[in-house]
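The values are calculated or read from the model by the stated rules, or taken from the named source; none is laboratory data. Here the structure is a predicted model, which means the values were calculated and not measured. Cβ: placed from backbone, ideal geometry, glycine included. Neighbour counts: every protein chain shown. We work out accessible area using only protein heavy atoms, side chains counted, and drop any ligands, DNA or RNA first. Shrake-Rupley method; radii C 1.70, N 1.55, O 1.52, S 1.80 Å.
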Amino acid sequence: MLPGESVLTFQPPSITKGIVIIVGGYGSGKSEVAVNLARHLATDGPPENRPITIADLDIVNPYFRSREATERLQQLGIQAIHPRGGSRYADLPIILPDIKAGIINRNGTVILDVGGDDAGARVLSSLADAFVPGEYELAIVLNANRPFTANVDGCLKTMSEIEGSSRLKFTGLISNTHLLEDTSEETVLSGLVLAREVSDRTGLPVLFLSASAEVLSRIEPKEIDVPVLPLTRMLLKPWETND
Amino acid sequence: MAKILMKGNEAIAEAALKAGATNYFCYPITPQTEVAEYLSRRMPEVGGVFLQGESELAVANMLFGASSTGKRVFTTSSSPGISLMQEAISYMAGAQLPVVIVNIMRGGPGLGGILPAQSDYFQATKAGGHGDYRVLVLAPSTIQEAVDLMMLAFHLADKYRNPVMMIGDGMIGQMMEPVEFPEKYKEPPLPPKTWAATGAKGRKPIIIKSLYLDPNLLEDNAWTLHDKYEQMKKEEVRFERYKVSAKNRILLVAYGTMARICQTAIDELEKKRISVGLFRPISLFPFPEKQIYQEAGKKNIGDVLVIEMSMAQMYEDVDRAVRGQKQVSFFGRTGGIVPSPEDVVEQIEKLIDKRKPKAKKKKA
């Protein structure tokens, strides 16, 4: 078997809404999931999803935001919206008019990468009138190895806080349990168990599972019964390389 | 305990709780605010005190008061906030109070920017406030090390009755890494805090101060502090070496996350058969002077190269430690720009090219 071959047999995520809002607890991996979803839809997704726009709405984290991958995303034909000039490097509550316009006049798919926790999700309430129920996906990224979302109750608490501050209702879950370079097959599969439990309690579907392509190559496709988004890390630390 | 994924700022906060810290005072500033955010949830759970002051000045003076009671107290801030605390840090050093201060550094001077830098090296290691004092300075390069050093910091603060500072560039606060906490934290025994102001019932009141109007007493205090710093130089020097061997042609010196970038560069150079070693100071005061002197003095070392996310600050200590045995060069970026492994490789190749014997021109 060729390296990575089994990855191809996983079912890819299917995006049926024009707006995908990605939220979650701090450090759940939202930005990495958002940029990888954008890349997947731009390169391998169905034509009806395109063109792809990604908007960085993270106003609470100063580093490791999706805007750091702007140049690489643009090479794939993805439009990246985030503050420019000095404000690109700030953690100020700047909501660009381009974002609201991009949502209302959208063509294709708009992915919104939102900052962590209820503090980061508050930005959505200022855009709430641009979101029409049924036309957006509000997905929470869950990582069972993060202190405040390690169990179902923690996940439910985080979700209710985010719903409160964003004034929106969740439509789905993304299972993104990992330990960065220490991620094993068990890490990924145990995260799916948690996501399923949250799904059972809330009635929300698991939209997809995301994990590094390298770890996925060691998992049998039959072990994961939800769509899968293989990740190639795009938000690296300065000393890390992708090979 | 199983590994969990934590942001540096959260891990530092949890490590302080594991070390028995009960009082945390803070004023928010990027890129360390998550420490405060995390502890605002956790401190009430462990029955400790979380208090946001009205400024960094207030916070630093709250530390003075709380530390006087013998409790384990700490704060976290970033560069401009740490500058505001310097007066109280000098007072605490003068009054011999244990306290732990974390500086998650951003670009400066002044308000600077919010991206990572190591520009507060001088401030941390040379006494940022007034008077004859030093603080013990620890510099982690991974989140796990930040956890371990944070717990150690409380022990050392108590051992020496002196402020201990842990410094990391903004990335140490912001990046995520898997970490593990000890099930139960054990530390060597410490003497009882007989100096603490815990209520004077049945004994004479204890007065904690840094004011000595009699110059003889003030000088005595300076000697007491001096002796502690000499003891630190003997007992608390910490460092790590990476791929240091007799094959090395160049010795790099870097600390914190800058050292990790150097490690990637060293691995790249190894593929090109260029052997470079890294010396990473972990304690910045006391500085591993003797060890750097010895490493730099080895015959195989042609050059010493200091790499920082600041403008030749640690360079001065390395140059002093090498004592003229070898040429000491500097490379750094600052203001929030982080040198890449490629930048480091390029600098090393330039140094090697300089040393290559030039082909002699034949006489016509």
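One residue stands out among those in segment A:216-233 that are of a type in the set (A, V, I, L, M) and in contact with an Asp or Glu (Cβ under 7 Å, 6 or more places away or on another chain): the one that is surrounded by the fewest Cβ atoms within 10 Å (Cβ to Cβ), which is A:219. Scanning segment B:18-35 for residues that are within 12 Å of another protein chain (Cβ to nearest Cβ) and surrounded by 17 or more Cβ atoms within 10 Å (Cβ to Cβ) yields B:29, B:30, B:31, B:32, B:33, B:34.
Table: residues versus (1) within 14 Å of the chain's Cα centre (by Cα); (2) among the small types (Gly, Ala, Ser).
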residue: A:108; (1), (2): no, yes
residue: A:112; (1), (2): yes, no
residue: A:115; (1), (2): yes, yes
residue: A:131; (1), (2): no, no
residue: A:140; (1), (2): yes, no
residue: A:146; (1), (2): no, no
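For segment B:139-196, filtering for residues that are among the β-branched types (Val, Ile, Thr), open to solvent by less than 10 Å² (accessible area, probe 1.4 Å) and more than 14 Å from every other protein chain (Cβ to nearest Cβ) leaves 2.
Scanning segment B:255-284 for residues that are within 19 Å of residue B:328 (Cα to Cα), within 12 Å of chain A (Cβ to nearest Cβ) and touching a residue at least 40 places away in the same chain (Cβ under 8 Å) yields B:258, B:259, B:262, B:265.
For segment B:210-234, a residue qualifies if it is touching a helix residue (DSSP H, G or I) at 6+ places or on another chain (Cβ under 8 Å) and in contact (Cβ under 8 Å) with a residue 40 or more places away in the chain, and the qualifying residues are B:210, B:221, B:225, B:228, B:231, B:232.
Look through A:90, A:55, A:101 and report the one residue that is of a type in the set (Gly, Ala, Ser) and buried (at least 17 other Cβ atoms within 10 Å of the Cβ). Criteria check complete, one pass: A:55.
Checked against (1) more than 15 Å from residue B:27 (Cβ to Cβ); (2) modelled with pLDDT of 95 or more; (3) among the aliphatic types (A, V, I, L, M), residue B:127 passes all but condition (2).
Where helices (runs of 4 or more DSSP H) fall entirely within segment B:209-321, those with at least 2 residues that are open to solvent by less than 50 Å² (accessible area, probe 1.4 Å) and more than 25 Å from residue B:131 (Cβ to Cβ) are at B:257-271, B:289-297.
Residue A:80 falls short on exactly one of the conditions (1) under 14 Å from residue A:111 (Cβ atoms); (2) without any contact (Cβ under 8 Å) to a residue 24 or more places away in the chain, and that condition is (2).
Annotation note: of B:81, B:131, B:112, the sole residue that is open to solvent by less than 10 Å² (accessible area, probe 1.4 Å) and more than 20 Å from residue B:283 (Cα to Cα) is B:81.
When restricted to residues that are more than 17 Å from residue B:94 (Cα to Cα) and without any contact (Cβ under 8 Å) to a residue 12 or more places away in the chain, segment B:189-207 contains 11. Looking at segment A:215-243 only, could you name the residues that are among the polar types (S, T, N, Q) and away from chain B (no Cβ under 14 Å)? Hits for segment A:215-243 are A:217, A:232.
Taken together, the residues in segment A:194-212 that are out of contact with any Gly (no Cβ under 8 Å at 6 or more places or on another chain), open to solvent by 20 Å² or more (accessible area, probe 1.4 Å) and touching a residue at least 24 places away in the same chain (Cβ under 8 Å) amount to 5. Among the residues of segment B:103-142, those identified as among the aliphatic types (A, V, I, L, M) and closer than 22 Å to residue B:318 by Cα are B:105, B:117, B:124, B:127, B:135, B:136, B:137, B:138, B:139.
Taken as a whole, segment A:25-47 holds at least one residue that is touching a residue at least 40 places away in the same chain (Cβ under 8 Å) and open to solvent by 40 Å² or more (accessible area, probe 1.4 Å).
Contact annotation: no residue pair with Cβ atoms under 8 Å, 6 or more positions apart or on different chains, pairs a residue in segment B:90-117 that is within 12 Å of another protein chain (Cβ to nearest Cβ) and within 18 Å of residue B:61 (Cβ to Cβ) with a partner that is open to solvent by less than 30 Å² (accessible area, probe 1.4 Å) and of a type in the set (Phe, Trp, Tyr). Only one entry in B:66, B:58 is crowded, with 18+ Cβ neighbours inside 10 Å and among the small types (Gly, Ala, Ser), namely B:66.
For segment A:36-45, the criterion of a residue being under 17 Å from residue A:114 (Cα atoms), more than 12 Å from the chain's Cα centre (by Cα), more than 14 Å from chain B (Cβ to nearest Cβ) and of a type outside the set (Gly, Ala, Ser) is satisfied by no position. Going through segment B:322-337 one residue at a time, which ones are surrounded by 21 or more Cβ atoms within 10 Å (Cβ to Cβ) and assigned to a strand (DSSP E or B)? Result: B:328, B:332. Applying the condition of being out of contact with any Leu (no Cβ under 8 Å at 6 or more places or on another chain) and within 14 Å of another protein chain (Cβ to nearest Cβ) to segment A:163-182 and asking which residue is least open to solvent (accessible area, probe 1.4 Å) yields A:182.
For segment B:136-167, give me the residue count where each residue is of a type in the set (Gly, Ala, Ser) and either at pLDDT below 95 or closer than 20 Å to residue B:232 by Cβ (or both). Qualifying residue count for the region: 3. Going by what's in this entry, would residue B:340 be described as within 14 Å of another protein chain (Cβ to nearest Cβ), surrounded by fewer than 21 Cβ atoms within 10 Å (Cβ to Cβ) and of a type in the set (Ser, Thr, Tyr)? Taking the combined requirement at face value, the residue satisfies it.
As a summary of the residue check, residue B:202 satisfies the conditions (1) in the same structural domain as residue B:30 (by TED's automatic domain parsing); (2) open to solvent by less than 70 Å² (accessible area, probe 1.4 Å) except for the one numbered (2).
Screening residue B:43 against (1) open to solvent by 10 Å² or more (accessible area, probe 1.4 Å); (2) away from every other protein chain (no Cβ under 14 Å); (3) not acidic (Asp, Glu) leaves a single unmet condition, (1). Among the residues of segment A:185-214, what is the count of those that are more than 14 Å from every other protein chain (Cβ to nearest Cβ) and within 20 Å of residue A:10 (Cα to Cα)? Final tally of qualifying residues: 14.
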